[in-house]
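Visitor: A single structure is presented below for examination.
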Amino acid sequence: MALPVTPSFRLDGKRAIVAGASSGIGRACAVALAEAGADVTLAARRADVLETLAAEMKDAGLSARPLALDIADVAATRKALGSEAPFDVMLNAAGLARHSPALATTEEDFDAVAGVNFKGAYFLTQAVADAMISAGRPGSIINISSQMAHVGGPDRAVYAATKHAVEGFTKAMAIEWGQRGIRVNTICPTFILTKLTRPTFDDPDKRAWIESNIILDHVGQVEDIMGAAVFLASDAASMITGAALMVDGGWTAK
């Protein structure tokens with residue numbers, strides 16, 4: 001009897017778009033997908049940063065090209081993606097956080113965070129899936145969510161609300177598009193040490209709170225997300241959709 005063959009984790013011949021690719025988790029995931037063989041479109045607002053990243057990736061023998069894109073601008077996003085060939089993989093790491101006590105939340109902060117984390121993510125996902133469906137091709141769609149989509153935290157009512165919303169539309173879209181061969185999933189990181197989160201880690205009380213909730217003995221690094229991104233993008237995850245992949249060091253296990 002023949003032995004089973006492990007599905008490939010490679011992404012050779014696949015076109016991938018990574019939103020929020022200019023820094024942090026998005027930058028790391030763009031590199032990871034390219035290392036797995038994908039031709040990666042780097043999308044973010046900062047065109048100059050994307051140009052630099054694309055050049056660095058090309059110097060490393062990876063395939064990458066920049067695309068200036070602000071997912072909070074739905075009309076501009078639709079226009080930009082309308083001139084692109086369909087993608088096989090989308091990973092959205094664009095995100096915004098404005099933390100404050102719930103009683104101190106302003107309408108401006110609410111709209112800004114929701115505009116990127118919920119509305120922007122929703123319509124970016126819609127646009128990418130629409131092109132896949134029109135072309136009759138399967139694909140993998142991944143939104144970077146958060147452990148805060150499954151728990152709560154101090155000063156994070158708005159942020160948690162937007163990430164809970166991402167989990168909701170992920171499940172609904174997975175149901176709608178499953179017969180089309182389109183998988184829709186999220187990756188839910190714990191606090192990952194990046195330039196954006198450095199102020200939180202530099203606060204002794206906040207760092208102690210983070211470390212007390214992570215079962216493993218280290219804080220999260222962007223490298224911890226890279227393997228998860230490649231896995232969900234690849235054929236190795238062909239039976240996974242509507243799911244949240246927790247990369248939280250055990251935070252939500254308690």
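The values are calculated or read from the model by the stated rules, or taken from the named source; none is laboratory data. Just so you know, these numbers come straight off a predicted model, no measurement behind them. Heads up, the Cβs are rebuilt from the backbone with ideal geometry, glycines too, and the neighbour counts pull from every protein chain shown.
Visitor: When you scan the stretch 177-220, how many residues do you find that are polar (S, T, N, Q), farther than 30 Å from G136 by Cβ and touching a Gly at 6+ places or on another chain (Cβ under 9 Å)?
Guide: 4
Visitor: Restricting to the stretch 137-163, name every residue that is over 25 Å from A208 (Cα atoms) and either charged (D, E, K, R) or free of Cβ contacts under 8 Å to residues at least 40 places away in the same chain (or both).
Guide: R137 - this is the single residue of the stretch 137-163 that is over 25 Å from A208 (Cα atoms) and either charged (D, E, K, R) or free of Cβ contacts under 8 Å to residues at least 40 places away in the same chain (or both).
Visitor: Given the criteria touching a residue at least 60 places away in the same chain (Cβ under 8 Å) and crowded, with 16+ Cβ neighbours inside 10 Å, does A32 qualify?
Guide: Yes: the conditions hold for A32.
Visitor: If we scan the stretch 239-249, do we find a residue that is out of contact with any strand residue (DSSP E or B) (no Cβ under 7 Å at 6 or more places or on another chain) and either in contact (Cβ under 8 Å) with a residue 12 or more places away in the chain or of a type outside the set (A, V, I, L, M, F, W, C) (or both)?
Guide: No, there is no match, as no residue in the stretch 239-249 is out of contact with any strand residue (DSSP E or B) (no Cβ under 7 Å at 6 or more places or on another chain) and either in contact (Cβ under 8 Å) with a residue 12 or more places away in the chain or of a type outside the set (A, V, I, L, M, F, W, C) (or both).
Visitor: Right, next: Looking only at residues that are touching a residue at least 40 places away in the same chain (Cβ under 8 Å) and basic (K, R) in the stretch 64-119, which one is nearest to K195 (Cα to Cα)?
Guide: So, considering only residues that are touching a residue at least 40 places away in the same chain (Cβ under 8 Å) and basic (K, R), the one nearest to K195 (Cα to Cα) is R98.
Visitor: Let me ask something else. Among the acidic types (D, E), surrounded by 12 or more Cβ atoms within 10 Å (Cβ to Cβ) and in contact with a Cys (Cβ under 9 Å, 6 or more places away or on another chain): which single residue out of D248, D235 fits that description?
Guide: Details: D235 fails: in contact with a Cys (Cβ under 9 Å, 6 or more places away or on another chain).
Answer to the selection: D248.
Visitor: To continue, here is another question. Could you tell me how many of the residues in the stretch 205-254 are of a type in the set (F, W, Y) and modelled with pLDDT of 95 or more?
Guide: The qualifying residues number 2.
Visitor: Any residue in the stretch 233-254 that is basic (K, R), assigned to a helix (DSSP H, G or I) and over 22 Å from the mean Cα position of the chain (by Cα)?
Guide: no
Visitor: Take E108 and tell me if it is touching a strand residue (DSSP E or B) at 6+ places or on another chain (Cβ under 7 Å), surrounded by fewer than 15 Cβ atoms within 10 Å (Cβ to Cβ) and not hydroxyl-bearing (S, T, Y).
Guide: Numbers: touching a strand residue (DSSP E or B) at 6+ places or on another chain (Cβ under 7 Å): no; surrounded by fewer than 15 Cβ atoms within 10 Å (Cβ to Cβ): yes; not hydroxyl-bearing (S, T, Y): yes.
In short, no.
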